[in-house]
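Student: Below you'll find the structure I mean.
The values are calculated or read from the model by the stated rules, or taken from the named source; none is laboratory data. Model, not experiment: these values are computed from the prediction. So basically every Cβ, Gly included, is an ideal-geometry build from the backbone, and we count neighbours across all protein chains shown.
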Amino acid sequence: MELGLKGKVALVTGAGSQIGFGKAIALALAQEGCDVIVNDIDIDGARQTAAAVEKLGRKSMAIKADVTRGSEWDSMVKEVMAKFSRIDILVNNAGGCTPPKPFLEMSDKDWDFDIDVNLRSTRNGTKTVLPIMIKQKSGKIVNITSGAGIHGGMFTSGYAAAKAGIIGFSMGVAKEAAPHGININCVSPGVADTGFARNAPPGLLENFPKTVPIGRLTTTQDIANAVVFLASDASCDIVGQVLVVSGGVSP
Ligand SMILES: NC(=O)c1ccc[n+]([C@@H]2O[C@H](COP(=O)([O-])OP(=O)(O)OC[C@H]3O[C@@H](n4cnc5c(N)ncnc54)[C@H](O)[C@@H]3O)[C@@H](O)[C@H]2O)c1
């Protein structure tokens with residue numbers, strides 16, 4: 001299968017975590033021949049990931065930017081365009097969740113955090129990069145959502161709302177972008193042992209595999225494989241969809 005990824009330029013947000021999906025996605029894209037810009041608020045982590053991309057023989061650059069802020073997207077994308085002159089792939093992966101608590105105990109600050117880091121960041125990234133892709137008449141945007149956004153998340157209602165928002169947003173904008181040769185889709189990961197999940201309630205990572213039909217947690221490589229597919233020429237006919245990668249866990 002021809003993926004058509006050689007020489008493409010990809011930007012992956014939240015790829016500084018050394019145990020997270022973003023790094024695995026960055027390396028998988030680099031393995032397929034992409035140059036990869038690595039974003040995170042953790043610049044040391046982003047630099048480590050960028051070095052790992054370069055080790056694979058591809059160009060990279062680490063950029064510190066808070067993806068919840070439109071102004072930081074503007075300067076990040078300016079920097080990328082100055083060095084790479086194009087952006088073929090955007091992976092809106094950065095995300096997070098306030099510590100789980102009942103909805104009625106959630107403060108406005110908790111709510112804003114969940115919405116900003118997941119949904120506003122994805123909207124900001126899409127708003128900044130889409131005009132470049134429209135000019136190029138091609139592009140791929142992959143947004144990382146969650147099962148919580150499909151079947152709800154008990155004690156994580158803000159996170160669930162934000163991740164559901166990502167799905168609705170992606171489906172809508174995907175239809176507007178498709179006539180320009182741009183595909184926008186989502187990946188919904190199952191529970192994986194990343195920095196994000198290590199903040200989950202005690203016992204989740206140990207007990208969860210028993211509830212997964214394939215009997216194990218999702219891996220960062222599982223998610224990277226799905227993102228590579230949606231970023232490739234092999235998925236040109238897929239528009240505004242959610243690819244659930246969760247070992248058979250419903251939905
Ligand atoms: N791990 C899971 O079980 C799971 C399941 C479903 C969805 N997800 C989603 O996967 C995505 C990646 O998370 P992960 O599991 O790899 O966790 P992770 O904590 O290992 O990585 C998340 C990264 O995002 C970065 N980040 C956070 N806020 C940021 C900001 N404002 N600007 C830039 N970078 C920022 C963090 O510094 C970190 O490096 C998230 O969107 C998360 O919601 C995770």
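Student: Return a yes/no flag: does the range 95-109 have any residue that is crowded, with 18+ Cβ neighbours inside 10 Å, within 10 Å of the ligand (Cβ to nearest atom), of a type outside the set (Ser, Thr, Tyr) and touching a residue at least 60 places away in the same chain (Cβ under 8 Å).
Tutor: Checked against the condition, which is being crowded, with 18+ Cβ neighbours inside 10 Å, within 10 Å of the ligand (Cβ to nearest atom), of a type outside the set (Ser, Thr, Tyr) and touching a residue at least 60 places away in the same chain (Cβ under 8 Å), the range 95-109 yields at least one hit.
Student: In the range 188-220, how many are closer than 28 Å to Gly168 by Cα and touching a Leu at 6+ places or on another chain (Cβ under 9 Å)?
Tutor: Counting residues in the range 188-220 that are closer than 28 Å to Gly168 by Cα and touching a Leu at 6+ places or on another chain (Cβ under 9 Å) gives 9.
Residue by residue, here is whether (1) at pLDDT below 95; (2) buried (at least 17 other Cβ atoms within 10 Å of the Cβ); (3) basic (Lys, Arg); (4) within 19 Å of Thr156 (Cβ to Cβ) holds:
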position: Ala174; (1), (2), (3), (4): no, yes, no, no
position: Gly181; (1), (2), (3), (4): no, no, no, no
position: Cys186; (1), (2), (3), (4): no, yes, no, yes
position: Phe196; (1), (2), (3), (4): yes, yes, no, yes
position: Gly203; (1), (2), (3), (4): yes, no, no, yes
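Student: Under the condition of being buried (at least 19 other Cβ atoms within 10 Å of the Cβ) and in a loop (DSSP other than H, G, I, E, B), which residue from the range 145-160 is nearest to the ligand (Cβ to nearest atom)?
Tutor: Ser146
Student: Something else now. Filter the range 193-235 for residues that are outside any loop (DSSP other than H, G, I, E, B) and hydroxyl-bearing (Ser, Thr, Tyr); which is farthest from the ligand (Cβ to nearest atom)?
Tutor: So the residue we want is Ser235.
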